[in-house]
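Just so you know, all these numbers are worked out from the coordinates, no wet-lab data involved. Quantities reported herein were computed from a predicted structural model and do not represent experimental measurements. Reconstructed Cβ throughout: ideal geometry from the backbone, glycine too, with neighbour counts over all protein chains shown.
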């Protein structure tokens, strides 16, 4: 588990611990389990209104990096089947799609803000492998804690 240790609403330490003992809690005004936070807080951040804030008061930007499986799970089974089937063809667009999928397969994660990711998913819609409007849904649905890519 990852814990943020706070004094008077300011993060003074972030630690990964198997368990938290009462002795470790001494001297802190609050200790929060941040294991599932989309963006892990850092020393100097503040915590109020049930959320972390950067030292300048802004909330941290949500990561748009997701795991490859998380991106795949944003497609329906029918869409995945159509994409896989089309990518096995021998036409120009089939090969372009196969190349895009090969790039996807060697990636560590998917950044939903990268131009090639946006173009590739929009290409799926242009090929009618996904319905009109689905590219926008796939690209713009907020990244959940379970989808976020963690190194």
Original post:
Using the 10 angstrom Cβ neighbour count as an exposure proxy, how do 119, 147, 125 rank, fewest first?
Top reply: 119, 125, 147
**OP:** Return the calculated 222 nm mean residue ellipticity for the chain, to the nearest 500 deg cm²/dmol, obtained by summing -39500 (n - 2.57) across DSSP H runs with n ≥ 4 and dividing by the residue count.
**Re:** -10500 deg cm²/dmol
Subject >> Spin-label proximity, residue 137 to the stretch 62-86 - amide N less than 14 Å from point 7 Å beyond Cα toward beta carbon >> reply: 73-80
Original post:
Can you sort 106, 39, 137 by how many other beta carbons sit within 10 Å, fewest first?
Top reply: 106, 137, 39
Subject >> Whole-Å distance, taken between Cα centres, linking the stretch 88-128 and the stretch 8-67 >> reply: 37
Original post:
Rounded if a/c is under 1.5, else prolate if a/b is larger than b/c, else oblate: which is the stretch 2-53, with a ≥ b ≥ c the root eigenvalues of its Cα gyration tensor?
Top reply: oblate
Subject >> Prolate/oblate/rounded label for the stretch 87-142 (Cα gyration tensor, a/c 1.5) >> reply: oblate
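Could you sort 129-136, 55-62, 77-84 so that the peptide with the highest average Cβ count within 10 Å comes first and the rest follow in order?
129-136, 77-84, 55-62
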**OP:** Return the distance in nm (one decimal) between the two label points of a simple spin-label model at residue 90 and residue 113, each offset 7 Å from Cα along Cα→Cβ.
**Re:** 4.3
Original post:
Relative to the present Cα-Cα distance, how much length would full extension add between residue 144 and residue 18 at 0.36 nm per residue of separation?
Top reply: 42.9 nm
Original post:
What is the order of 51, 37, fewest Cβ neighbours within 10 Å to most?
Top reply: 51, 37
Subject >> Kirkwood estimate for the chain, i.e. one over the average of 1/r between Cα atoms, Å >> reply: 18.0
